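In what follows, a single structure is set out as structure tokens and then discussed.
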Amino acid sequence: MNMRTLIAAEFFKLRKRMMTWVVAGLTVGLIVLLYSVMWSISTRAGTFLSNSQRFSYQEVRRGLFLQAGVPFALAIIAQFGTLLAVILASGAAGSEYAWGTVRLMATSSSGRLKLISARLIVVCALVAGIVLLAVVAALVYSAVITQLNGGADFGFLTVAFVRTQVYAFGRTLLVMAPFVALAFAAAVIWRSTLAGVGTGLAVAFLEPLVSGLMRIGGSPWRDIPNYLIDSNRDVILAQNRLPAGLPDFGQASARELRNRGAHSVEEAALILLLYAAAFIAISFYVYRRRDITSGSGG
């Protein structure tokens with residue numbers, strides 16, 4: 001099979017799997033749910049305290065209007081959509097072992113590396129597509145809120161505005177990449193969807209906790225978190241400029257990042273890319289070296 005045929009075959013398999021549609025539905029559902037919750041909260045009178053700053057509930061409402069809606073949607077996706085992307089990547093990489101079709105696919109394709117490359121390309125494309133679908137859902141919801149409440153006259157729709165949203169979209173995909181690559185690699189290494197999901201979710205949840213303990217542990221521990229995924233993820237997401245008053249889902253502020261001695265945006269992006277590349281390289285190496293044409297693929 002040539003590469004185009006392999007990509008088409010992998011896309012067909014993942015498109016037909018219920019898990020793909022469940023992940024997409026949950027991602028869009030999270031956007032709708034959290035927008036609805038925040039809209040309900042914004043109807044209250046008075047003010048509230050967040051991150052040592054006081055905001056009015058009207059500011060929350062303005063943050064849901066169309067001109068500010070995309071950053072909030074991307075903040076939701078970066079936090080919760082990453083976990084769903086981990087599930088999708090793990091299932092794509094590990095399910096062939098559970099179904100016993102890995103030997104058939106490996107022997108019928110023209111090369112193992114081509115096969116796993118096609119699978120990874122399709123996974124990345126689906127993750128990007130699901131994120132885009134969630135952003136579109138957020139834009140539709142924000143447009144309805146904006147129209148019903150006179151929040152904007154759509155004069156803000158300029159080339160600069162669109163460029164800013166595209167950059168924010170790219171940053172969100174960047175911070176998701178290491179987790180997707182890690183889950184994909186873990187599923188390949190241990191030949192199990194569950195192993196990929198468990199590894200990806202464990203790192204996503206436990207790394208911030210471990211990093212926090214390291215920072216209060218003094219030298220030499222306090223500087224180590226700056227080289228891990230979570231800290232550099234926060235550096236990139238801080239560039240998306242979430243509207244005031246909206247929840248940041250635990251993301252570190254710019255001031256907190258400065259106090260930690262975090263890396264620059266360019267350095268953080270490079271570190272995240274290196275993590276993703278390393279995980280992909282490991283999965284390719286293991287997949288190429290493993291004997292999957294006999295027995296159970298072990």
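Here are some notes:
- In summary, helices (runs of 4 or more DSSP H) completely within region 154-262 and bearing 1 or more residues that are at pLDDT below 90 and either touching a helix residue (DSSP H, G or I) at 6+ places or on another chain (Cβ under 6 Å) or not aromatic (Phe, Trp, Tyr) (or both) occur at 159-190, 193-215, 254-260.
- Those residues of region 23-65 which are touching a Leu at 6+ places or on another chain (Cβ under 7 Å) and touching a residue at least 24 places away in the same chain (Cβ under 8 Å), in sequence order: 23, 24, 26, 27, 28, 35, 38, 39, 60, 63
- Residues in region 201-228 that are of a type in the set (S, T, N, Q) and within 19 Å of the chain's Cα centre (by Cα): there are none.
- Of all residues in region 117-140, those that are closer than 18 Å to residue 79 by Cβ and either crowded, with 21+ Cβ neighbours inside 10 Å or of a type in the set (Val, Ile, Thr) (or both) total 6.
- Restricting region 65-102 to residues that are crowded, with 17+ Cβ neighbours inside 10 Å and modelled with pLDDT under 80, the residue that is nearest to residue 205 (Cα to Cα): 95
- Here residue 48 fits the description: of a type in the set (Phe, Trp, Tyr), surrounded by fewer than 18 Cβ atoms within 10 Å (Cβ to Cβ) and modelled with pLDDT under 90.
- Tabulated pairs, region 202-224, first in contact (Cβ under 8 Å) with a residue 40 or more places away in the chain, second in a loop (DSSP other than H, G, I, E, B), C-beta under 9 angstrom, 6+ apart or interchain: 208/250
- Subset of region 9-21 [surrounded by 14 or more Cβ atoms within 10 Å (Cβ to Cβ) and assigned to a helix (DSSP H, G or I)]: 9, 10, 11, 13, 14, 19, 20
For every residue, the table says whether it meets (1) at negative phi; (2) loosely packed, with under 13 Cβ neighbours inside 10 Å.
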| residue | (1), (2) |
| --- | --- |
| 148 | yes, yes |
| 164 | yes, no |
| 179 | yes, no |
| 183 | yes, no |
| 189 | yes, no |
| 194 | yes, no |
| 232 | yes, no |
| 241 | no, yes |
| 248 | yes, no |
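The values are calculated or read from the model by the stated rules, or taken from the named source; none is laboratory data. Keep in mind it's a predicted model, so treat the numbers as computed, not measured. Quick reminder, even Gly has a Cβ in these numbers, built from the backbone with ideal geometry, and neighbours come from all protein chains shown.
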